[in-house]
Amino acid sequence: MKILCIIPARYKSTRFPGKPLADIHGKPMIWWTFQKAIQVKEFFEVIVATDDNRIVETCSKLGIPTILTSEEHENHVLRIAEVATVKDADYYVCVNGDEPLILPDNIRKIIPRQKSNGCYAGYLMRELTDPVETMDPANIKLTTLGNGTVIYMSRSVIPYPKGTLDFKYKKLIGVECFNKEALEFYSKTPMGEHEKIEDIDHLRFIENNKKVLVTMVDGESLSVDTPKDLEKVRSILTNEV
């Protein structure tokens, strides 16, 4: 199969402007994420999709392929959908640019074993063990069926532990997989009520009765949402310098 990896990178982050270019031991964060993605040999290409020439220029100096996309996209899924109009593939794997700690072996786990008919949207998740991390609304929690189908995603702590405490909360990781049908559906479908309330892009699929699959992975993965997260990542990556 032909699998393209796209790393979306937006400069004008509300909480952390210029985040993709934030320095981690002498290299921008986008470089670290790119290095993890290119270790996945199943990808025929890894490319950064951005709306800002500053990121294009930095990536060019580091030998990272880029594509300049529209500034009008309201989220990264629409940015990927734009890339899909000019880059043909069976699947488009998104590795968010703020995931410099993601493990290549975990990225591989999102790749389907065969082509899919109809809309395909797949995600990765891990268990949450830190109470602070669990309560943080920046971390998207989710509930699933036994077959890996996602029931709902929320910034709130779900499910509510009224009947038992014998379970683990699950967090969405910034690695996603779509086929072209899913991206076309997403770009043509308006934002739904719950997507607006929660500010979670992927609820657009669930609100329209599209099956969303998720795979559990091991290992810590820290998305860089704030400067405090960046300090944690710098400490963890010290051994890789």
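The values are calculated or read from the model by the stated rules, or taken from the named source; none is laboratory data. These numbers were taken from a predicted model, which means no experiment stands behind them. Virtual Cβ from ideal backbone geometry, glycine too; neighbours counted across all protein chains shown.
Would you be able to say whether some residue in segment 7-23 is in contact (Cβ under 8 Å) with a residue 60 or more places away in the chain, among the hydroxyl-bearing types (Ser, Thr, Tyr) and out of contact with any His (no Cβ under 7 Å at 6 or more places or on another chain)?
no
Which residue out of Val214, Val150, Val175 is among the β-branched types (Val, Ile, Thr), assigned to a strand (DSSP E or B), out of contact with any Gly (no Cβ under 7 Å at 6 or more places or on another chain) and over 23 Å from Arg15 (Cβ atoms)?
After applying the criteria, what remains is Val150.
Could you check segment 1-118 for strands (runs of 3 or more DSSP E) lying wholly inside it with 1 or more residues that are touching a Lys or Arg at 6+ places or on another chain (Cβ under 6 Å)?
3-9, 43-50
Tell me which residues, restricted to segment 172-190, are out of contact with any strand residue (DSSP E or B) (no Cβ under 6 Å at 6 or more places or on another chain) and at pLDDT below 95.
Within segment 172-190, just Gly174 meets the criteria.
Answer yes or no as to whether Ile158 is crowded, with 19+ Cβ neighbours inside 10 Å and aliphatic (A, V, I, L, M).
Spelling it out, it is not the case that Ile158 is crowded, with 19+ Cβ neighbours inside 10 Å and aliphatic (A, V, I, L, M).
Quick one: is Gly174 small (Gly, Ala, Ser) and either within 22 Å of Phe34 (Cβ to Cβ) or buried (at least 17 other Cβ atoms within 10 Å of the Cβ) (or both)?
When the stated conditions are applied, Gly174 passes them.
Select from segment 174-201 the residues that are among the β-branched types (Val, Ile, Thr) and touching a helix residue (DSSP H, G or I) at 6+ places or on another chain (Cβ under 7 Å) and write down the one among them that is farthest from Ile7 (Cα to Cα).
Per the criteria, the residue is Thr189.
Yes/no matrix, rows are residues, columns are (1) of a type in the set (Gly, Ala, Ser); (2) closer than 23 Å to Pro8 by Cβ:
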{"site": "Thr134", "(1), (2)": "no, no"}
{"site": "Pro137", "(1), (2)": "no, yes"}
{"site": "Pro159", "(1), (2)": "no, no"}
{"site": "Lys171", "(1), (2)": "no, yes"}
{"site": "Leu183", "(1), (2)": "no, yes"}
{"site": "Lys188", "(1), (2)": "no, yes"}
{"site": "Gly192", "(1), (2)": "yes, yes"}
{"site": "Glu198", "(1), (2)": "no, yes"}
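Would segment 52-66 turn up any residue that is within 24 Å of Val214 (Cα to Cα) and out of contact with any strand residue (DSSP E or B) (no Cβ under 9 Å at 6 or more places or on another chain)?
Within segment 52-66, none of the residues are within 24 Å of Val214 (Cα to Cα) and out of contact with any strand residue (DSSP E or B) (no Cβ under 9 Å at 6 or more places or on another chain).
Which of the residues spanning segment 188-201 are exposed (fewer than 14 other Cβ atoms within 10 Å of the Cβ) and acidic (Asp, Glu)?
Result: Glu193, Asp199.
Could you tell me which numbered condition Arg204 fails, if it satisfies all but one of (1) out of contact with any helix residue (DSSP H, G or I) (no Cβ under 6 Å at 6 or more places or on another chain); (2) buried (at least 18 other Cβ atoms within 10 Å of the Cβ)?
The one condition Arg204 does not meet is (1).
Quickly run through segment 80-114 and pick out the residues that are charged (D, E, K, R) and surrounded by fewer than 23 Cβ atoms within 10 Å (Cβ to Cβ).
If the condition is that a residue be charged (D, E, K, R) and surrounded by fewer than 23 Cβ atoms within 10 Å (Cβ to Cβ), then Glu82, Lys87, Asp88, Asp90, Asp105, Arg108, Lys109, Arg113 are the ones that fit.
Would you pick out the residues in segment 56-106 that are in contact (Cβ under 8 Å) with a residue 12 or more places away in the chain, more than 18 Å from the chain's Cα centre (by Cα) and more than 22 Å from Asn179 (Cα to Cα)?
Val56, Thr58, Cys59, Leu62, Ile64, Glu71
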